[in-house]
1. What FRET efficiency would be calculated for the residue pair R90, E38, taking the C-beta separation as r and a Förster radius of 22 Å, to the nearest 0.05?
2. Extending each Cα 7 Å along its Cβ direction at F220 and S149, get the distance between those two points in nm, one decimal.
3. If you find the alpha carbon centre of segment 168-182 and of segment 24-71, how far apart are they in angstrom?
4. Residue-wise, which Karplus ³J(HN,Hα) couplings in Hz belong to segment 6-15, taking 6.51 cos²θ - 1.76 cosθ + 1.60, θ = phi - 60°, and x for glycine or proline?
5. If I stretch the segment between S139 and T2 completely, what's the gain in nm (0.36 nm per residue apart, minus their alpha carbon distance), one decimal?
6. Describe numerically, in nm with one decimal, the distance between label points set 7 Å from Cα along Cα→Cβ at F27 and at R123.
7. Please pull out the direction-averaged projected area of segment 146-239, using the convex hull of its alpha-carbon atoms, in nm² to one decimal place.
8. Just the number, please: carbon plus sulfur as a percent of the accessible area of the chain, 1.4 Å probe, no ligands or DNA/RNA counted.
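The values are calculated or read from the model by the stated rules, or taken from the named source; none is laboratory data. Quantities reported herein were computed from a predicted structural model and do not represent experimental measurements. Methodologically, a virtual Cβ is constructed for each residue, glycine included, from the backbone with ideal geometry; neighbour enumeration extends over all protein chains shown. Ligands, DNA and RNA are excluded from the accessible area calculation, which covers all protein heavy atoms including side chains. Shrake-Rupley method; radii C 1.70, N 1.55, O 1.52, S 1.80 Å.
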Amino acid sequence: MTDAELAAHLAEIAGRILLSVREAGVFEGKALGKAGDETANQFLVHALRAQRPDDGLLSEESKDTHERLAKSRVWIVDPVDGTREFGEARADWAVHVGLAVDGVARVGAVALPGLGTVLRTDRPVAIPPAPERLRMVVSRTRPAAEAVSVAEKLGAELLPMGSAGAKAMAVVRGEADIYLHSGGQYEWDSCAPVAVALAHGLHCSQIDGSPLVYNQRDTFMPDLLICRPEHAEKVLALL
């Protein structure tokens, strides 16, 4: 399989595993989230090490090592992006399998198991035209003040949503137009979604317009902007 095919295949299978864990009916609450995280992570880590043994690997659910820093190719995964939403049987959670090459999110797939779909870098789809009133996805529990402020200035509708992957894919799917986050994330929260968004022709950057760089010693990423390219300049100016 190509890297993109592998990413999509693993994200889809991990999603199926997670649905099976939830449907087993033996976990609930935080225990369900923990069981899902650990089970999906074991599958993804073992599969990537078997299929791409020479590449680096960074996963939210595995202990990080600095061995990856010497690698040009590093897989960056989030077994369950949106653990709370997964545990609540919502649809706005995701599985991220991304590949950063020389610090750039090049290849990836984001599975939305609750919707039965996988968005991938090697099969971009046409994004519908933006509506007259723009739509901005924000956290359903703690929307960023910057996002709310920009939405007010644009006259945009706020769409509360769960995981980072679900929000990014809402823009890719044409369900939203802007995803602006300033509350801090980690590399696994955005690598695969950014790779997919870039493959679909979207703008991806930090909120000061600087590029997103992956496989860093410090995996914290302060902010993120994903939007249609025709809206990027105005959003960045407002920020």
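1. 0.65
2. It works out to 2.1 nm between the two label points.
3. Each part reduced to its Cα centre gives a spacing of 26 Å.
4. Coupling constants for segment 6-15: 5, 4, 5, 4, 5, 5, 5, 5, 4, x Hz.
5. Additional length available on full extension: 45.9 nm.
6. 2.7
7. Numbers: hull surface 22.0 nm².
Approximately 5.5 nm², given one-decimal rounding.
8. Taking all protein chains in place, the chain shows 49 percent carbon and sulfur surface.
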